[in-house]
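The values are calculated or read from the model by the stated rules, or taken from the named source; none is laboratory data. No experiment lies behind these values; they were computed from the predicted model shown. Glycine also receives a Cβ, built like all others from the backbone with ideal geometry; neighbour counts cover every protein chain displayed. Areas reflect the complete protein model, heavy atoms only, side chains present, ligands, DNA and RNA absent. Shrake-Rupley method; radii C 1.70, N 1.55, O 1.52, S 1.80 Å.
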Amino acid sequence: MNDRKARIGILALMLEGYEPLFPGIIERQRLYVEEILETLKDVIEPDFPGVACSREKMEEYTERYNRDHLDGIMIFLCSYAQGQYIIHAMQKNTLPLALALVQPEETVRDDFEEIDLTVNQGIHGSQDNANCLMRAGIPCAFFAGSRLNGELKKFVSDFAAAARTRTAMRDMKIGLVGRLQGMGDVVGDDMTIFRKLGPEIVYDSIGTVFRYCSQVGGDEIRERMELEREWFDIDETLPETVHADAVRTYLGLKRYLQDRGYAGYSVHFEEFGEDGRFARLPLLAASSLMADGYGYGAEGDATAAMLMAAMICLCGQANFSEMYMMDLKRDAVLMCHQGEGNWATARKDRKPYLKNRVLSEGGLDDPPTLLFTPEPGEGAIMSLVQVKGDQFRLVYAPGSIMDECGMKYNDMPYLFFRPESGVRSCITSWLENGGSHHEIVLQGNYEDRIRLWCRMTGIEFVRV
């Protein structure tokens, strides 16, 4: 999903009546827009057919961008332009929309003439257009600032990533095998998710997964094991046969996801125990598939898998975990799950450790488990809540992943997360807003683009 730049249609707006007053002004402003787009070519693939000076051109270009299935539309005001003229075009538009207010010059010179004022007066054209869009109920993201210092490029990069993610979600499929009975916060309305957000949740059987695992060849297993010996510190007590069995499950699950075009998945662990044909839980497989870029949710949580797949597309990486306990002394939350975690996010100063772990859950044999802590630094945790009907809420907590890795007996990937708002306030607000007990973890600060993505998809963004 991250292999291409977002395709963005450009609506550069002007008042047609300026041309007789200032001959050549339209061409001058077309070149100005080309200059802007040259600075953005490494973050978007723009479609710019020319300046739209009339309602007819605005509607023509908008129809073209929709017909060509672009990812979004960005408006630039090259001077004043009437807000009314864009409304019918936008009422038929299905693409995400943004308006960026920038100027050819960023300070007023003492020798400005009337034409200088005219080409720099996009501000009140932006106000007219923004007002008309708001009154028509048409969602739009807005930017006002410099085109020269990187501000515009960051905004466009965030908008493009959010628009591309919205497009990807409409083609997204999430595989689901089983669900933990009674776990209510993972249950949602599949049809509403499909209609409102885009992803299709596809129900499969554990027999399908077993068939894929049974077809994995010995050479593939040995090749993968050699790679893992390079990437991980391996427990000396881990039998090769046990390691090979865990790798077989990983390769089988990966082929299952590839063949069916899934961006993410959830296979409930009880299915492995009840089936009777699996020796152990697929903890190594879950961690490696996350590292490969697949969304994941435990215990049948297709919503978490979908959110993680979306965040991978939007931000380039993501992790899955859950809150285990509050640590009031650290003002943090200890986060870990049964034994899954995206080892591609591990701290760089030590290798993940593949442990011969003792765990008999489900009556199965001990599963090899990767142990690590993520790279410390700025981060966030979030969950997607289906509140009621087609109302979705993203509960989002910014903060930091602490530089803590001293737990001696925790046989799971873990981290300490310190919320920006403080652990007491954050968790209280999390509960008040219905945040689920499975969370997606991000490293870095992507709040601006996540807010844009929520705005595009109609998700309420709640910062706690």
**Prompt:** strands (runs of 3 or more DSSP E) wholly in the range 259-343 with at least 1 residues that are open to solvent by 40 Å² or more (accessible area, probe 1.4 Å) - which ones?
**Reply:** 323-327
**Pairs where the first residue, in the range 232-249, is more than 20 Å from ASP219 (Cβ to Cβ) and the second is of a type in the set (Lys, Arg) and surrounded by 18 or more Cβ atoms within 10 Å (Cβ to Cβ), C-beta under 6 Å, 6+ apart** = ASP235/LYS355
**Item:** Residues of the range 353-369 satisfying the condition of being touching a Gly at 6+ places or on another chain (Cβ under 9 Å) and assigned to a loop (DSSP other than H, G, I, E, B)
**Value:** ARG357, LEU359, LEU364, PRO367
**Message:** Test of understanding: among ILE36, ILE44, which residue is crowded, with 19+ Cβ neighbours inside 10 Å, over 26 Å from the mean Cα position of the chain (by Cα) and within 29 Å of ARG4 (Cβ to Cβ)?
**Reply:** ILE36
**Request:** Kindly list, by first and then second residue, each pair from a residue in the range 170-195 that is without any contact (Cβ under 8 Å) to a residue 24 or more places away in the chain to a residue that is in a loop (DSSP other than H, G, I, E, B), limited to pairs with Cβ atoms under 9 Å and residues at least 6 apart or on different chains.
**Result:** VAL187/ARG179; VAL187/GLY300
**Asked** Can you find a residue in the range 367-380 that is closer than 23 Å to ALA163 by Cβ and of a type in the set (D, E, K, R)?
**Response** no
**Every pair of residues 6+ apart whose Cβ atoms lie under 8 Å, when the first sits in the range 103-119 and is under 13 Å from CYS78 (Cβ atoms) and without any contact (Cβ under 8 Å) to a residue 60 or more places away in the chain while the second is part of a helix (DSSP H, G or I) and open to solvent by 40 Å² or more (accessible area, probe 1.4 Å)** = GLN103/ILE123
**Request:** Considering only residues that are assigned to a helix (DSSP H, G or I) and of a type in the set (A, V, I, L, M), look in the range 6-54 and name the one that is farthest from TRP453 (Cα to Cα).
**Result:** LEU21
**Message:** Take GLY175 and tell me if it is surrounded by 16 or more Cβ atoms within 10 Å (Cβ to Cβ) and either modelled with pLDDT under 95 or at positive phi (or both).
**Reply:** no
**Message:** I need the strands (runs of 3 or more DSSP E) fully contained in the range 372-464, keeping only those with at least 2 residues that are touching a residue at least 40 places away in the same chain (Cβ under 8 Å) and in contact with a Gly (Cβ under 9 Å, 6 or more places away or on another chain).
**Reply:** 377-388, 391-401, 414-419, 439-443
**Message:** Out of the residues in the range 407-452 meeting the condition of being within 28 Å of LEU359 (Cα to Cα) and in contact with a Lys or Arg (Cβ under 8 Å, 6 or more places away or on another chain), tell me which one is least open to solvent (accessible area, probe 1.4 Å).
**Reply:** PHE416
**Item:** Candidate set from the range 137-194 (those that are among the small types (Gly, Ala, Ser) and touching a Cys at 6+ places or on another chain (Cβ under 8 Å)); member that is nearest to ILE75 (Cα to Cα)
**Value:** ALA161
**Item:** Flag if GLU19 is of a type outside the set (Gly, Ala, Ser) and out of contact with any helix residue (DSSP H, G or I) (no Cβ under 8 Å at 6 or more places or on another chain)
**Value:** no
**Asked** In the list ARG135, ARG147, which residue meets the criterion of being touching a residue at least 40 places away in the same chain (Cβ under 8 Å), under 26 Å from CYS53 (Cβ atoms) and of a type in the set (Lys, Arg)?
**Response** ARG147
**Message:** Taking the conditions exactly as written (in a helix (DSSP H, G or I) and farther than 19 Å from TRP343 by Cβ), does ARG224 satisfy them or not?
**Reply:** no
**Prompt:** Given the structure, is GLU38 without any contact (Cβ under 8 Å) to a residue 24 or more places away in the chain and closer than 19 Å to GLY150 by Cβ?
**Reply:** yes
**Complete:** Only unsatisfied item for ILE381, checking (1) β-branched (Val, Ile, Thr); (2) more than 19 Å from the chain's Cα centre (by Cα); (3) crowded, with 24+ Cβ neighbours inside 10 Å, is (2)
**Item:** Which listed residue is open to solvent by 20 Å² or more (accessible area, probe 1.4 Å), farther than 25 Å from MET172 by Cα, in contact (Cβ under 8 Å) with a residue 24 or more places away in the chain and within 32 Å of the chain's Cα centre (by Cα), from GLN91, GLN82
**Value:** GLN91
**Prompt:** Under 8 Å by Cβ, and 6 or more places apart or on different chains, what pairs join a residue from the range 283-295 that is acidic (Asp, Glu) with one that is open to solvent by 10 Å² or more (accessible area, probe 1.4 Å)?
**Reply:** ASP292/LYS254
